[in-house]
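Since the structure comes first, as structure tokens, the remarks are kept for the end.
The values are calculated or read from the model by the stated rules, or taken from the named source; none is laboratory data. Since the structure is predicted, the reported quantities are computational estimates derived from the model, not experimental observations. Note: ideal-geometry Cβ built from the backbone for every residue, glycine included; neighbour counts use all protein chains shown.
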Amino acid sequence: MSNQEQGGPKTAGASTIAPAKGKLGVMVVGLGAVATTFIAGVEAVRRGIAKPIGSLTQMGTVRLGKRTDNNSPKIKDFVPIADLNDIVFTGWDIFEDNVYESAAHAKVLDKDLIEQLKPFLETIKPMPAVFDQYYVKRLHGTHVKKGKNKRDLADQLIADIQAFKKTVDRVVMIWCGSTEIFIEATAVHQSIEAFEKGLETDDIGIAPSQIYAYAALVESVPFANGAPNLTVDVPAMVELSKKNSAPICGKDFKTGQTFMKTVLAPAFKARLLGVSGWYSTNILGNRDGEVLDDPESFKTKEESKLGSLDYIFQPELYPDLYKDIFHKVRINYYPPRGDNKEGWDNIDIFGWLGYPMQIKVDFLCRDSILAAPIALDLVLFLDLARRTPSLKSIGIQEWLSFYLKSPQTRAGLYPEHDLFIQSMKLKNTLRHIMGEDLITHLGLEYYD
Ligand SMILES: NC(=O)c1ccc[n+]([C@@H]2O[C@H](COP(=O)([O-])OP(=O)(O)OC[C@H]3O[C@@H](n4cnc5c(N)ncnc54)[C@H](O)[C@@H]3O)[C@@H](O)[C@H]2O)c1
């Protein structure tokens, strides 16, 4: 096997994965720009009026066997993921707007498309949210649950989940809510017991996103986090995820600038080109931009955005190339652009004998258009993980790092940020759970 392009043992896999039968309920926390673009997009695809571009689960393929086998099925035909027609949406928001109104407000999608989908979109009305302005300074919520303490609020969310469960066959939760202020893990996050005590005592370290995640995991519902909030990145949540077979993954959708970073940085490293500085700045004018204008929410985003380069470049292994990188990230709220962000990167690199060069990237992107397919894939893959015996009780699904700015890993394991390693890891995980040979790209057998 060692000289083969494919390697690794076959597993029993496929036959033991529970089928994706019945309705998949998707509970979305925060029905803003990303969420409404995601929901409206799924409906547009279901009606055949648009294509699910950017979604690996819908358009991607996976090669099986040797290159000469010519066998590359679509991922959705290879692994048992839920059909888009079986998805049912619900959610929470701190404003009462239904998904039609919120999509119109977000101004991401054309008016024509939103009008066409109006009868469906206006049926999705948010449930009152768990919210506290202390954690998101720039928002003033009006559609908010009241409770005597955080435990009471968690119980109300659990009741929402239980009621929704009665109408569908399986449930996944995804956070598409705002970025909360920067919080570091404290004693309250170290065990399920400490966390539950903290709910009773209204511990300040427990943010609303953690109350949703706790409610989901208690109910064995997988949880994805589109924002950089601490949320499930703490021992208590990892423990709960494993205990209740409710998969979790990393955080913060990898969409624009960080997506580009995790493509370019591995290329420089592969060619041993040095980097002395990487300056990144953005302008955006949507509500997310307004929230991130608050320094405390920005700090959370900044930490998430800064992380990738250090791990990719491994300055401890390559001190001559990457020891002294000056890395800066800026986000500027600029209303005229709305959701159409512009992200600039100036990269100062150096080559042979230390001679300097520069690269400029100007990405005129559409934030929510890039995020929506990621939300869809995360939901479908977490549901798959929940039905897969070898994945459902391991807690963190590192193979979903592909989609996230801050991958989550087991304690003590460094995260893999390189997009191409992440892509290979994801596809090999699919091959593995389906009992197919893994692909190593060695390929000597073609030259025997
Ligand atoms: N669009 C992207 O490319 C991208 C990339 C990475 C991460 N994100 C993150 O995704 C999240 C959503 O982005 P967006 O552009 O849709 O923002 P948005 O402001 O349009 O939507 C967020 C929604 O969450 C609601 N909300 C806030 N706190 C809540 C709570 N506690 N409970 C329920 N609802 C709550 C807000 O009212 C709002 O409707 C943000 O945290 C953003 O940083 C977006």
(Q) I'm trying to understand the selection: among the residues of the range 145-176, which are farther than 21 Å from LEU84 by Cβ and among the β-branched types (Val, Ile, Thr)? (A) ILE158, ILE161
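Condition check ((1) surrounded by fewer than 21 Cβ atoms within 10 Å (Cβ to Cβ); (2) within 14 Å of the ligand (Cβ to nearest atom); (3) free of Cβ contacts under 8 Å to residues at least 12 places away in the same chain; (4) among the aliphatic types (A, V, I, L, M)) across all residues:
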site: VAL130; (1), (2), (3), (4): no, yes, no, yes
site: GLN133; (1), (2), (3), (4): yes, yes, yes, no
site: VAL136; (1), (2), (3), (4): no, yes, no, yes
site: GLN156; (1), (2), (3), (4): yes, yes, no, no
site: PHE164; (1), (2), (3), (4): yes, no, no, no
site: ALA185; (1), (2), (3), (4): yes, no, no, yes
site: ASP202; (1), (2), (3), (4): yes, no, no, no
site: ILE206; (1), (2), (3), (4): no, yes, no, yes
site: SER209; (1), (2), (3), (4): no, yes, no, no
Q: Tally the residues that are part of a helix (DSSP H, G or I) and out of contact with any strand residue (DSSP E or B) (no Cβ under 9 Å at 6 or more places or on another chain), restricting the search to the range 58-76.
A: 4
**Q.** Residue among LEU404, LEU370 that alone is of a type in the set (A, V, I, L, M), touching a Lys or Arg at 6+ places or on another chain (Cβ under 8 Å) and at pLDDT 95 or above
**A.** LEU404
Q.
With the condition being within 16 Å of the ligand (Cβ to nearest atom), assigned by TED's automatic domain parsing to the domain that holds ALA106 and among the acidic types (Asp, Glu), I'd like the helices (runs of 4 or more DSSP H) fully within the range 351-444 carrying at least 1 qualifying residues.
A. 367-387
Q. Out of the range 267-289, which residues are assigned to a loop (DSSP other than H, G, I, E, B), modelled with pLDDT under 95 and either over 25 Å from VAL379 (Cβ atoms) or in the same structural domain as GLY395 (by TED's automatic domain parsing) (or both)?
A. GLY285
(Q) Need the failing condition index for LYS243 against (1) surrounded by 18 or more Cβ atoms within 10 Å (Cβ to Cβ); (2) closer than 25 Å to GLN190 by Cα, just the number. (A) (1)
Q. Which residue pairs have Cβ atoms under 6 Å apart, sit 6 or more places apart or on different chains, and have a first residue in the range 256-284 that is buried (at least 18 other Cβ atoms within 10 Å of the Cβ) and a second that is of a type in the set (Gly, Ala, Ser)?
A. GLY256/GLY343; GLN257/SER280; GLN257/GLY343; THR258/SER308; LYS261/SER308; THR262/SER308; ASN282/GLY343
Q. When the range 82-120 is examined, which residues are found to be in a helix (DSSP H, G or I), surrounded by fewer than 21 Cβ atoms within 10 Å (Cβ to Cβ) and near the ligand (Cβ under 10 Å from one of its atoms)?
A. HIS105
Q: State all residues of the range 27-43 that are assigned to a helix (DSSP H, G or I) and within 11 Å of the ligand (Cβ to nearest atom); if no residue qualifies, say none.
A: ALA33, VAL34, ALA35, THR36, THR37, PHE38
Q.
Exactly one of these conditions fails for THR262: (1) more than 16 Å from the ligand (Cβ to nearest atom); (2) under 23 Å from LEU413 (Cα atoms); (3) at pLDDT 90 or above; (4) not assigned by TED's automatic domain parsing to the domain that holds TYR403. Give me its number.
A. (1)
(Q) If the requirement is being in contact with a strand residue (DSSP E or B) (Cβ under 6 Å, 6 or more places away or on another chain) and away from the ligand (no atom under 12 Å from the Cβ), which of these qualifies: VAL234, VAL238, VAL221? (A) VAL221
